[in-house]
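J.: Quick one: structure below, then a few questions.
Values quoted throughout were computed directly from the atomic coordinates according to the rules given, and no laboratory measurement underlies them. For clarity, every value in this text was computed on a predicted model and none was experimentally measured. Cβ atoms come from the backbone with ideal geometry, glycine included; neighbour counts cover every protein chain shown.
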Amino acid sequence: MATETLQRKYTVSQLAKIAGAELVGSGKGEICRAAPFESATPDSITFVSDEKLLENIVDCKAGAVIVSKKIETCIPLLVVKNVEKALIAVLKEFAPKLSAPQPGIHKSAIVEQGAVVSPTASIGEFVCVRQGAIIGERTIISAGCKIGENSIIGNDCRIDDNVVIYHNCKIGNNCIISANSVVGAMGFGYYFFDGGHQLIPHTGGVVIEDCVEIGANACVDRAKFGNTIIGAGTKIDNLVQIAHNVVIGKCCLIISQAGIAGSTKLGNGVVLAGQVGIADHRTIGDGAQIGAQAGVMNDIPAGKQMLGSPAIDIKDFAKQVILKRKLPEMNKELKQLVKRIEILEAAANNS
């Protein structure tokens, strides 16, 4: 897909309208890109979501800044209630405009007899759609993807290059699966007998509900029985492993390199930071937040914030960190106390 080569320019006033912002200062300046606060130039727009950073705005060279409150500065300000929401609207304007895939089936693709592909869908180069599969309206299946037998992909989805969706999987509407991810592979389950590890057949499927986004090189395993389920609105980062029979609630955030073992259940709005590991058959309550590299060995109640391995309440973890910092000093004091006790005991014995 070719990108648009012409550089798009907006006046500050135009961007204020796009962001739904109150403009403070001149709206005549021309902006052609978005940039980080530290490296912004007069032809770029930036943002400040941390009020502490506002103290450094005098050093900012941007042509305009998105902020949450008015301050004294000569730089034009776009004042909004929600900085991140306004930034998303602006970034969409400056995102590369790629040529849209055309509806239809590429001549190199294979669509087996019995598969149903909407006439409005786009099937890219070297895609394979197996018998019984259904591809919904306006869905894009990019180059090299494999869609297994009897799998269903809803409307307005985007399946990026080389994604593999195995048989008997169901994907809802408005979903995105990034390149090289795998949905519906065999779960990792073995019994040891007859002198070796014997694979347990996984006869279930995967259900991905509406508006789920899955990053690159992520894996969602099929269920042993029933379905592995990803709830509506959940966003999954790159390199995440979701094992068989996991059930994830709605609007969860799962960050890169997290791993969720089999039959674990996550409630709605759960956040797993990077490299979190969760043992099998655990239950994580609604709204729980698990910090980076935490190892979850037990169930976690709703709303809890946990950190560490094994994961504990974040307040207890903070206390442990403070104590660990004091350990060298405490060790020194302990040695001094032991020495004093030895001196006192020696004096008492001599008397």
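J.: Can you tell me the length gained on complete extension of the stretch Cys32 to Gln131, counting 0.36 nm per residue apart and subtracting the Cα distance?
T.: Additional length available on full extension: 30.9 nm.
J.: Now for a separate question. How far, in nm, would the chain grow between Lys339 and Ile322 when pulled straight, counting 0.36 nm per residue and subtracting the alpha carbon separation? Mind showing how you got there, number by number?
T.: Working: separation 17, 0.36 × 17 = 6.12 nm, distance 2.61 nm.
Answer, rounded to one decimal: 3.5 nm.
J.: Next question, about the same structure. Which loop-located GluC sites (Glu not before Pro) does region 125-154 contain, where loop means any DSSP state but H, G, I, E or B and the Cβ has at most 13 other Cβ atoms within 10 Å?
T.: The qualifying sites are Glu125.
J.: Classify region 10-94 from the C-alpha gyration tensor, please: rounded if a/c falls under 1.5, else prolate or oblate depending on whether a/b exceeds b/c.
T.: Judged from the Cα gyration tensor, region 10-94 comes out rounded (a/c under 1.5).
J.: Can I ask one more? Counting only the backbone N, which residues of region 43-74 are under 11 Å from the spot 7 Å out from the Cα of Leu253 toward its beta-carbon?
T.: Of the residues in region 43-74, none has backbone N under 11 Å from the label point off Leu253.
J.: Rounded to the nearest 0.05, what FRET efficiency do Cys74 and Asp313 give with R0 = 41 Å and r taken as the Cβ-Cβ distance? Could you check? Don't skip to the end; give the middle numbers.
T.: Numbers: r = 47 Å, r/R0 = 1.15.
With a Förster radius of 41 Å, E is 0.30.
J.: Moving to a separate point now. Skipping prolines and chain starts, which residues have an amide H placed within reach, meaning under 5 Å, of the one on Ile214, given they are 5 or more residues away or on another chain?
T.: Amide H neighbours of Ile214, under 5 Å, 5+ apart: Ile176, Ile177, Ser178, Ile236.
J.: Please report the spacing between the Cα centers of region 243-313 and region 81-131 in Å, no decimals.
T.: 31
J.: Nearest 5 percent is fine: what portion of the DSSP beta bridges confined to region 1-97 is antiparallel?
T.: 40
J.: Quick check: pseudo-label points 7 Å beyond the Cα along Cα→Cβ at Ser99 and Asn238, how many nm apart are they?
T.: A separation of 2.7 nm, rounded to one decimal place.
J.: Given the options Val79, Gln14, Ser44, identify the residue whose Cα lies farthest towards the positive end of the charge dipole of region 10-94 (+1 on Cβ of Lys, Arg; -1 on Cβ of Asp, Glu).
T.: So the residue we want is Gln14.
J.: Counting only other residues whose beta carbon sits under 12 Å from that of Gly215, what net charge do I get with K and R as +1, D and E as -1?
T.: Summing Lys and Arg as +1 and Asp and Glu as -1 gives -2.
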